[in-house]
1. Per DSSP helix of 4 or more residues, -39500 (n - 2.57); summed, then divided by the residues of the chain. What does that give at 222 nm, rounded to the nearest 500?
2. For q = 0.08, 0.13 Å⁻¹, what log10 I(q)/I(0) does the chain give under the Debye formula with an equal point scatterer on each alpha carbon and no solvent?
3. Compute the distance in nm between two label points, each set 7 Å from the Cα along the Cα-to-Cβ direction, one at Ala107 and one at Arg68.
4. Estimate the FRET efficiency between Lys197 and Ala38 by the formula 1/(1 + (r/R0)^6), using the beta-carbon distance for r and 30 Å for R0, to the nearest 0.05.
5. With label points built 7 Å along Cα→Cβ from the Cα atoms of Arg187 and Arg299, find their separation and express it in nm.
6. Mark the label point 7 Å from the Cα of Glu177 along Cα→Cβ and return the residues of segment 123-143 whose backbone N is within less than 14 Å of it.
7. What lysines does Lys320 reach when the alpha-carbon gap must be under 24 Å and sequence neighbours fewer than 8 apart in one chain are set aside?
8. Taking a ≥ b ≥ c as the square roots of the eigenvalues of the Cα gyration tensor of segment 150-275, is the shape rounded (a/c under 1.5), prolate (a/b larger than b/c) or oblate?
Amino acid sequence: MKRRSASTQLSLFGGAAAGDGLAPHAESTRALAETLPAELRLGTSSWSFPGWRGIVWSEARSEAQLAREGLAVYARHPLFRTVGIDRTFYAPVEREVFAGWAAQVPAGFRFLIKAHDACTLARFPTHPRYGARRGETNDRFLDPAYATDRVVAPAVEGLGEKAGPILFQLPPQPLQELGGAAAFAERLHAFLDALPKGPIYAVELRNRGLLTPAYVQALEAAGAVHCCNVHAGMLPLAEQIRRVDPARGPAVVVRWMLHDGLDYQKAVARYAPFSALVDEDEATRETIARLLMTSTQRRVPTWVVINNKAEGSAPLSAEKLARRLAALRQPPTRDISTLPSTVSSEERSSE
């Protein structure tokens, strides 16, 4: 199945032909990419990692250079049809910035956009980056007017048809700050229901106490989806899938973020420069692959975004996941050695 044609744009890595800038390893996955279902969009969480040289990039580039120029090369990787934008979690991004990203990728590419955390924090943390608002109650928490103006409208207008899901990630915060699980579910439904219709809205929890039947009902009533995420603060992925059954919804969104037993800083220290699989997580890979089998068989649009902190190198994790899904999609081999070579006399007499 041919999913997209090669880009004819010049490479930003020196103005050479379009294939330049992309590592030979990436080119070698083209046949694998052609076996994947059209409903699946696989990618990584951001792209500006120098350690991906030889995996995604053919040349050495700094993080700053890749942040400016790497997206066009990343989007030519055969496996990658989406990318998670993390920058938008920390501050609003204007329409022109989204439009600039959209101009660098092929027509079939879609972005997964994280809403910035002013939408999803009930109270601002005491971290210095929150400045004078540290510790204050956040009046923009689950405010649909603010989210529409500062998140949804710029993304949709700037990205156009290349806009994918808009993700509202709720950082870890005490249940009492949210009014309790039941009140949170009610407020979440009101928020999602008031957002502009059209985009796919996904919600990612980092507090397992919020994943209640009321939360699931709130999502279903608003036409939104639960982002199945692999993170220390959440229930195991298989349990999330059991509670939510994501393949029943309008889309499936998966974020494979963090290896079990590690926090963010420990994972960075262990895995940098993100050039190899250090801690393979075969159980999680299998769970995701089987969810993708179900969702794509049902023709549900499916997004999977993988972080370097999941196993050590997001592009290599994506390739391993793609190979496992391709294997699951192969029809079972029939063992003909046990079949009779001719029809028996008893079978002939019964015809």
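Values quoted throughout were computed directly from the atomic coordinates according to the rules given, and no laboratory measurement underlies them. Not measured: the values here are computed from a predicted model. All Cβ positions, even for glycine, are placed from backbone atoms using ideal geometry, and neighbour counts span all protein chains on display.
1. Dividing the helical sum by the residues of the chain leaves -9500 deg cm²/dmol.
2. For the chain, the Cα-only Debye profile gives -0.41, -1.02.
3. For Ala107 paired with Arg68, the spin-label model returns 3.1 nm.
4. For Lys197 and Ala38, the calculated efficiency is 0.75.
5. Simple spin-label model gives 4.0 nm for this pair.
6. Under cut-off, by backbone N: 123-131, 133-142.
7. Those lysines meeting the cut-off are Lys2, Lys266, Lys309.
8. It comes out oblate by the Cα gyration axes.
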